[in-house]
Amino acid sequence: MQYVIRESAFHRLHPLTKLIFVVVVVALAVLTSDIVMLALLAGAVMAVAIASGLGRDLLRQVPLLLSLAVSLLALTILTIRSGEIVGYLVPQSVPVIGGAFPVTVGAIDLALAMSLRFAAMLFAFQLLVISTQPRDLVHLMDRLRVPVDYTLMLLIALRFIPSLQLEGKRIHEAQLARAYNPGSGISGKVRGLFPIIIPLVSNSLGKATVLGLTIDLRGYRSGTRTPMRDLAPGRADVAGVCCMGVLVAGYLAVLLV
């Protein structure tokens, strides 16, 4: 979820065009629960990424989406009882508890719809993040009259959360290099988190202090800022917005039929 330095068609689009793209994808994903439509929407976002040379970056999120899909499937099976029963989590041949937790068609459909909805929205948001420099996003939000506090929160999330993830990985590797062995199993994994979390939190607090002082020294709340570059929409942006308009019109037409 970091900006990727690359020359691609999606990189060259105006930040506002990419933001409209994300809003359109999120809106279309929320408006329908049809599995086929959601699959086409997620496939369309992936096709845009592949055409822009960013497909490999989006595929890195597939393990996360698969784990999310499995969790949603387990949750819907335990809570949804609508539709035809296709099986049971506990076989009927098991004494006493046999036939518990029936798996219904409604639960499977809901889990698939939610998983595809999250996939489409996550892919669209990742395309925005990896193809847009944070300074351009900040400039865009300033032009859209977004409050400074919200802009600052977005910038910190985009810049520092990935950095914290990398720092946590380095701390874990440093603990392994020192032959730290908390044990195996779930208890060992839980004990192994403390030598990582404690220095990570300590370093994060130090960075937060430095960040606050930097913000004050640069007069971020003064309201007077001069962007390094002022991007202007081009023909590709106009074409992209028109394509999204046609997509929205076709999508709504299919839903209303």
Among helices (runs of 4 or more DSSP H) lying entirely in the range 1-120, which contain 2 or more residues that are surrounded by 15 or more Cβ atoms within 10 Å (Cβ to Cβ) and at pLDDT 85 or above? 15-31, 35-51
Output the qualifying pairs, or none if there are none: Cβ atoms under 7 angstrom, residues six or more apart or on different chains, first residue in the range 132-160 and more than 18 Å from residue 21 (Cβ to Cβ) and in contact (Cβ under 8 Å) with a residue 12 or more places away in the chain, second residue loosely packed, with under 13 Cβ neighbours inside 10 Å and basic (Lys, Arg). 142/225; 148/221
Scan the range 41-53 and report the pairs whose first residue is under 14 Å from residue 121 (Cβ atoms) and assigned by TED's automatic domain parsing to the domain that holds residue 240 and whose second residue is among the aromatic types (Phe, Trp, Tyr) and in a helix (DSSP H, G or I), with Cβ atoms within less than 6 Å and a gap of 6+ or a chain change. 45/123
Among (1) under 25 Å from residue 130 (Cα atoms); (2) surrounded by 14 or more Cβ atoms within 10 Å (Cβ to Cβ), residue 157 falls short only on (2)
Tell me, which residue of the range 219-257 that is surrounded by 12 or more Cβ atoms within 10 Å (Cβ to Cβ) and in a loop (DSSP other than H, G, I, E, B) is modelled with the lowest pLDDT? 227
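The values are calculated or read from the model by the stated rules, or taken from the named source; none is laboratory data. For clarity, every value in this text was computed on a predicted model and none was experimentally measured. Using ideal geometry, Cβ is built from the backbone for each residue, glycine included, and neighbour counts are taken over all protein chains shown.
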